[in-house]
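Read the structure below first, then the notes.
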Amino acid sequence: MLTLTGVGKRYPTGDRALTDIQLSLPKGQVMALIGPSGAGKSTLIRCVNRLVEPTQGSIRLEDVELTKLSGSRLRHARRSMGMIFQEYALVDRLSVMENVLSGQLGYVGFWRSFLRRYPQEAVAEAFRLLERVGLPHAIDKRADALSGGQRQRVGIARALLQSPKLLLVDEPTASLDPKTSRQIMRLIRELCAERELAAIINIHDVALAQQFADRIVGLRAGEIVFDGKPSDLTSEMLTTIYGEEDWDTTPEPADDDDEESSGATSHVTSPQAATAPHAPRQNRLASGGAQ
Ligand SMILES: Nc1ncnc2c1ncn2[C@@H]1O[C@H](COP(=O)(O)OP(=O)(O)OP(=O)(O)O)[C@@H](O)[C@H]1O
Ligand SMILES: [Mg+2]
């Protein structure tokens, strides 16, 4: 349903962020995009929703060529892509409900949204979504009174309110603790399955990517160097993506693991979690290299 052909991006500064990206994402597939800092992960997802203009290639969402759109046709196409950001991008002084309803901006128009007049069916759907993401009791709370995990749930509900076909997710767990990170990834995964949504999730945590994605794509210096099943991501492949590191002996930080500290309440739903190769929990060593 999403096809990138020969996509390239060179920023005006001369930085070549993406080179000849070929990628096809079927309906319902959850894809994790991994790679060191500066590899081009954010650039790739921003090219898809045209927050960044690709300088080469074609990006098709179903039968629409996204790179050629402008004005109202571009706005219309963007509604079919839900964006979820690391920094949650909520309006702090607004309530949870108002933040979710702001996902309707593209539909109801700026003034109606500014005056906070939303269609009744949008309000009803926002209620349903807040229930689904586990926040039915926080509807009237101000966004700045929420924890990071709760804020991310609001961000997810907001992205879903516009009934997208595709989710573009940029480091959804970067500011969250390990257990909350897993809960958020599990929630995104379940919602994709329920709604047959495809998703591209930029993520630094390889173990999380392996546990929750159907497919992993590894970027290095703007090029795809791995595209395969989570179980095919070997230590050698991690070296190809991130550079030299002894992945098998990277110690897991003892105070950073929810399974030990709260084993009774953590859930491991994916068999991959148990069988995954010795990927590091967090690629701290690998990040920061290429920027
Ligand atoms: N607005 C910009 N102007 C110029 N160069 C940019 C811009 N945004 C990104 N770049 C460059 O493009 C390359 C890819 O950056 P990008 O932010 O896509 O990487 P990333 O994989 O998302 O990194 P991170 O993991 O740190 O978020 C980098 O070399 C970066 O310096
Ligand atoms: Mg990024």
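The values are calculated or read from the model by the stated rules, or taken from the named source; none is laboratory data. Here the structure is a predicted model, which is why all the values come from computation and not from measurement. In this analysis, Cβ positions are derived from the backbone assuming ideal geometry, glycine residues included, and neighbour counts consider all displayed protein chains.
Check 220, 195 and return the single one that is over 14 Å from the mean Cα position of the chain (by Cα), within 16 Å of ligand 2 (Cβ to nearest atom) and either at pLDDT 95 or above or not hydrophobic (A, V, I, L, M, F, W, C) (or both).
Answer to the check: 220.
Would a scan of segment 191-210 turn up a residue that is in contact with a Phe, Trp or Tyr (Cβ under 9 Å, 6 or more places away or on another chain), farther than 30 Å from residue 104 by Cα and not in a strand (DSSP E or B)?
Yes, the conditions are met somewhere in segment 191-210.
Only residues in segment 192-206 that are under 17 Å from residue 40 (Cβ atoms) count as the first member; pair them with residues that are basic (Lys, Arg) and within 12 Å of ligand 1 (Cβ to nearest atom), Cβ under 6 angstrom, at least 6 apart or cross-chain, and list the lot.
That search, which allows pairs on different chains as well, returns 202/41.
So if I check each of 40, 35, which one is within 16 Å of ligand 2 (Cβ to nearest atom), small (Gly, Ala, Ser), surrounded by 23 or more Cβ atoms within 10 Å (Cβ to Cβ) and under 15 Å from residue 215 (Cβ atoms)?
35 is the lone residue from the list that is within 16 Å of ligand 2 (Cβ to nearest atom), small (Gly, Ala, Ser), surrounded by 23 or more Cβ atoms within 10 Å (Cβ to Cβ) and under 15 Å from residue 215 (Cβ atoms).
Take the conditions surrounded by 15 or more Cβ atoms within 10 Å (Cβ to Cβ) and under 30 Å from residue 137 (Cα atoms) and apply them to residue 83. Does it pass?
Yes.
Just for segment 1-17: of the residues that are closer than 13 Å to residue 58 by Cα and small (Gly, Ala, Ser), which one is farthest from ligand 1 (Cβ to nearest atom)?
Only one residue fits best here, namely 6.
Can you pull out every residue in segment 100-147 that is assigned to a helix (DSSP H, G or I), at pLDDT 90 or above and touching a helix residue (DSSP H, G or I) at 6+ places or on another chain (Cβ under 7 Å)? Break it down stepwise before answering.
Filtering segment 100-147 down to residues assigned to a helix (DSSP H, G or I) leaves 100-108, 110-114, 120-132, 143-145.
Next cut, at pLDDT 90 or above only: 100, 124-132, 143-145.
Of everything in segment 100-147, those that are assigned to a helix (DSSP H, G or I), at pLDDT 90 or above and touching a helix residue (DSSP H, G or I) at 6+ places or on another chain (Cβ under 7 Å) turn out to be 100, 125, 126, 129, 130, 143.
Can you find a residue that is assigned to a strand (DSSP E or B), modelled with pLDDT of 95 or more and acidic (Asp, Glu) anywhere in segment 51-59?
no
So in segment 43-87, with the set limited to residues that are closer than 15 Å to residue 1 by Cα and among the charged types (D, E, K, R), which one is farthest from ligand 2 (Cβ to nearest atom)?
Among those that are closer than 15 Å to residue 1 by Cα and among the charged types (D, E, K, R), it is 63.
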